[in-house]
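Below is one structure, written out as structure tokens, with a few remarks after it.
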Amino acid sequence: MAPMPQTMRNGRRSTGRPFVKHPPEGNRHAMVQRVFRTALLSVAACGIALAAHAQTPAPQTPAPATPAPAASAPAAPADPVVARVNGEELHKSDVTRMVSQLPPQVQQMPIEMIYPAVIDQLVSGKLVSSAGYKAGLADSAEVKDEIKRAEERAVQRAFIQKEIKARVTPEALNKAYQDYLKENPAQEEVKAAHILVEKEDEAKAIIAQLKKGGDFAKLAKEKSKDAAAAAQGGDLGYFTKDAMVEPFANAAFAMKPGEVSKEPVKTQFGWHIIKVEDKRTQPQPTLEEVKPQLEQALSKDIVTALVEELRGKAKIETFQIDGSPMPKEEPAAAPATPAPAAPATPAEPAKK
């Protein structure tokens, strides 16, 4: 039983990730095929017509041919043909594009494993789109509307990416990094080991053994209930104060390097004997270490600011869901001014 939440082991936080169990080889291809069929239907639902519509590349002006040396082997094409369907070519870039649209767990598989299924589904997709073209569906209002909306989404993404690229400058990143350091100051860390037992008497007996010269690591391996730490001689690695339960943290951070707790420390896990081995100031991350995190945060801020800028320059009219005008907002009523109090009527003198 651990005395606290998962802590730093050997200076690194344990991820606790379980081993990945792979399905038997015989079932793997069938599983991949099922995933691809589902993905293909999703692609179709989200705009397979658009992909088919763009199948014919725009004509390009050929560059002047540069004669290669006679002894040189011909260079491999940058985007080789991977299949032909009724004469229409499918390229390596089509494979890459389809893989990028698949679920993350499939994208993580080796390309050699999923390549046959990718080719199979690309061929199926080409056959379906070709049949749709022959049926004249490319000119249908539904397909044209879908192509227009897909183009609009692509333009949105391209514009946002362009603005982010222009605004995430080295200067902006450095400022964000300095702000990050201020908001996340370096913390003190303690490197400690512990022995965890159930009863206070047990803990006091171990402290007595240590005072007589007992070996802390050996006793931890023999007696500690914290099996993970016991295997390391009780070592918990470096940790910050907030990583431990309060009684344990308070005791450890009050001690000096080399000290062993004179009295057992009680927590909800049992009784602890603590040995502090070192103290240090936690090293702050470098810019390169937090750069992806900072770029993501800056990108979100840039998109928010960009939308606000565009809204500020635009004339925007909104209507109710049935197309009728939005109800006008009534100006907030001014607080009522209290009427002046009527002057008090003096009491009549008593009649004699």
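The values are calculated or read from the model by the stated rules, or taken from the named source; none is laboratory data. Because the structure is predicted, anything quoted here is derived from the model rather than measured. As a convention, Cβ positions derive from the backbone with ideal geometry for all residues, glycine included, and neighbour counts pool all protein chains shown. Surface accessibility is based on the protein's heavy atoms, side chains included, excluding ligands, DNA and RNA. Shrake-Rupley method; radii C 1.70, N 1.55, O 1.52, S 1.80 Å.
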Inset, instruction - Specify which of the listed residues (203, 192) is farther than 30 Å from residue 300 by Cα, buried (at least 19 other Cβ atoms within 10 Å of the Cβ) and in contact with a Pro (Cβ under 8 Å, 6 or more places away or on another chain). - result: 203
Inset, instruction - Please go through region 231-244 and pick out each residue that is of a type outside the set (D, E, K, R) and in contact with an Asp or Glu (Cβ under 8 Å, 6 or more places away or on another chain). - result: 234, 238, 239, 240
Inset, instruction - Filter region 215-224 for residues that are surrounded by 13 or more Cβ atoms within 10 Å (Cβ to Cβ) and of a type outside the set (A, V, I, L, M) and give the result. - result: 216, 221, 223, 224
Legend entry - Yes/no for residue 125 being crowded, with 17+ Cβ neighbours inside 10 Å, assigned to a helix (DSSP H, G or I) and modelled with pLDDT under 55: no
Inset, instruction - Identify the residue in region 225-265 that is in a strand (DSSP E or B) and of a type outside the set (Ser, Thr, Tyr) and, among all such residues, is surrounded by the fewest Cβ atoms within 10 Å (Cβ to Cβ). - result: 260
Inset, instruction - Keeping to region 157-189, report how many residues are in contact with a strand residue (DSSP E or B) (Cβ under 9 Å, 6 or more places away or on another chain) and open to solvent by 40 Å² or more (accessible area, probe 1.4 Å). - result: 3
Inset, instruction - Give the residues of region 266-281 that are surrounded by 20 or more Cβ atoms within 10 Å (Cβ to Cβ) and either in a helix (DSSP H, G or I) or under 36 Å from the mean Cα position of the chain (by Cα) (or both), sorted by residue number. - result: 276
Inset, instruction - Among the residues of region 99-122, write down those that are of a type in the set (A, V, I, L, M) and assigned to a helix (DSSP H, G or I). - result: 99, 106, 111, 113, 114, 117, 118, 119, 122
